[in-house]
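The values are calculated or read from the model by the stated rules, or taken from the named source; none is laboratory data. Bear in mind the structure is a predicted one, so any value in this text is a computation, not a measurement. Here the Cβ positions follow ideal geometry from the backbone for every residue, glycine too, while neighbour counts run over all protein chains shown. These area figures cover heavy atoms from the full protein model, side chains too; ligands, DNA and RNA do not enter into them. Shrake-Rupley method; radii C 1.70, N 1.55, O 1.52, S 1.80 Å.
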Amino acid sequence: MGGGRRRFIQGGQGLLAALILGQACRPQRSGATDRPGVLVIGAGLAGLAAAHSLARANYPVVVLEARDRLGGRTWTSTHWPDLPLDMGASWIHGLRGNPLTALARSGAVDLVTTDYDNDLIYGPSGQPLEAQELAHLARLGDRITTALVAAQGRDPDQSVRAVVQAALDWAALPLADQQRVDFLLNSTLEQEYGGSVSQLSAHWYDDGEAFPGPDALLRGGYQGLVRVLAEGLDIRLQQGVQAVDWSGREVVVTTNQATYRAERVVVSLPLGVLKSGAVEFSPPLPEVKTTAIARLGMGMLNKCYLRFPRVFWPDTVDWLEQISSPPGRWTEWVSLVPSLGQPVLLGFNAADQGREMETWSDGAIVASAMAILQRLFGAQIPEPLDYQISRWQSDRYALGAYSFNALGSTPAMRDHLAQGLAGRLFFAGEATSRQYFGTAHGAYLSGLAVAQQIRQGYR
Ligand SMILES: Cc1cc2nc3c(=O)[nH]c(=O)nc-3n(C[C@H](O)[C@H](O)[C@H](O)COP(=O)(O)OP(=O)(O)OC[C@H]3O[C@@H](n4cnc5c(N)ncnc54)[C@H](O)[C@@H]3O)c2cc1C
């Protein structure tokens, strides 16, 4: 669990008072401010960024969070006290110009870069690919890119898989090349976007932007950033929001514990939660929004950390990749030796593979990971001392990892999702970010954008 709970979280007391008095709570105005009170639903990066920004501008803000911890899909586990590790977002992607870089600096969070190009790719035989095999893989990669670029200029939209299979004459492609193509599609697209290539829109899957510069892990984990944002805020934990009534001048938010009222409400619920209908809006959200919620995809990425007594893999590379069978199973591994100096491997499973494996027992997941590692490094490798596994699909407050541009969606739908309603209901979260969807910085920036909308509306 994230270790960000400090004195600034006033979990129980406010709630208890409300229940005893039988009254609805609202963000309290002090004499110093006449600004409208704001409720923020969700204490992930988007909600915290909005609340932090508004609180600094003297708005009375209360954050309602369903979990008993902060950070949402950034979650630093302290299960290994000497080695805090991120079960959700791990990297700041692109340090240059990325607002999270400045945030990390302001919180004295140490950043450790890793490099995608510092990698080794293993073939089906379990041996690292030779130069000739790497060149063959690169040629297949070029054919995939050419096919997808061509498809982006052509109607109708198709899934990435349909485009690639047609362009590469799939049925006639040798089995070994099919395996290589599946590897490329998984390692470059499914692991990044979380959506299955059968569902990713060929037109829009990559319709986002990225910050330049290296990627960096946060030593101590993302909780370092969460702490900076949460400091001083009034955050109520274990407040699962069930209903949002925005029919009147004040918005009424009902949780499993209490009723809250405010002039403005920021909804930073994950797309998976919006899709589930777990939170009832009255009046219902307009069709343009419900269409966006239905059509945008919610993707999957799960992590499995294995902690070993010693390093038995090449100790200078960041990434170990393998052409796997079945496709997409344990394709990508990160070694924490170069970055954190620890004998820990982090294996990923994305999209369909991630979703399926999540239903397995811990024992079965670890056994499956170990079978792959034995194929690559020999039967004599040591058993892990311990493991940590994420399950984002069955997490009821996430219901998936992050959003992707699915076949049937368009980037404009993210703008529809982001649009405020009636000057009192506002929307943030990674899925509302057209430029930076699926990322921690996208979530953060969406929170800042909503805070700015509220400030502008007030002025
Ligand atoms: C495995 C994984 C790896 C990732 N890796 C990276 C990475 O390396 N770099 C990167 O930039 N991004 C990464 N991401 C994406 C990034 O974590 C997310 O985009 C970002 O954290 C989303 O923030 P958010 O505020 O939009 O949503 P969330 O963090 O999900 O916040 C929403 C909050 O709402 C709460 N909530 C849900 N339902 C209710 C309810 N009914 N009532 C009240 N509260 C509720 C949730 O508990 C949560 O705290 C990764 C995500 C995952 C899952």
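Points to keep in mind about this one:
Results for (1) buried (at least 17 other Cβ atoms within 10 Å of the Cβ); (2) basic (Lys, Arg), shown as yes or no for each residue.
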{"position": "Ile92", "(1), (2)": "yes, no"}
{"position": "Gly97", "(1), (2)": "no, no"}
{"position": "Asp110", "(1), (2)": "no, no"}
{"position": "Thr114", "(1), (2)": "yes, no"}
{"position": "Gly126", "(1), (2)": "no, no"}
{"position": "Ile144", "(1), (2)": "yes, no"}
{"position": "Leu148", "(1), (2)": "yes, no"}
{"position": "Arg154", "(1), (2)": "no, yes"}
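- Failed condition for Phe426, given (1) assigned to a loop (DSSP other than H, G, I, E, B); (2) among the aromatic types (Phe, Trp, Tyr); (3) in contact with a strand residue (DSSP E or B) (Cβ under 7 Å, 6 or more places away or on another chain); (4) closer than 26 Å to Arg56 by Cβ: (1)
- The set of residues from region 196-211 being within 13 Å of the ligand (Cβ to nearest atom) and crowded, with 17+ Cβ neighbours inside 10 Å comprises Gly208, Phe211.
- Of all the residues in region 182-241, those that are in a loop (DSSP other than H, G, I, E, B), of a type in the set (Phe, Trp, Tyr) and farther than 30 Å from Ala108 by Cβ number 2.
- A Cβ distance below 9 Å, combined with a sequence gap of six or more or placement on separate chains, defines the contacts here; from region 382-403, residues that are of a type in the set (Asp, Glu) reach residues that are open to solvent by 30 Å² or more (accessible area, probe 1.4 Å) in the pairs Glu383/Pro309; Asp386/His79; Asp386/Arg307; Asp395/Arg73.
- The residues listed here are Glu383, Glu430; of these, the one that is among the acidic types (Asp, Glu) and within 12 Å of the ligand (Cβ to nearest atom) is Glu430.
- Hits in region 34-58 - residues which are within 15 Å of the ligand (Cβ to nearest atom) and part of a loop (DSSP other than H, G, I, E, B): Gly42, Ala43, Gly44
- Summed over region 247-269, residues that are open to solvent by 20 Å² or more (accessible area, probe 1.4 Å) and either within 14 Å of the ligand (Cβ to nearest atom) or closer than 15 Å to Arg26 by Cβ (or both) total 12.
- Residue in region 141-155 that is over 28 Å from the mean Cα position of the chain (by Cα) and among the polar types (S, T, N, Q) present: yes
- Qualifying residue in region 307-314 (condition: assigned to a strand (DSSP E or B) and not β-branched (Val, Ile, Thr)): yes
- Unmet requirement for Gly341, which otherwise passes all of (1) under 17 Å from the mean Cα position of the chain (by Cα); (2) surrounded by fewer than 19 Cβ atoms within 10 Å (Cβ to Cβ); (3) of a type outside the set (Ser, Thr, Tyr); (4) on the phi > 0 side of the Ramachandran plot: (1)
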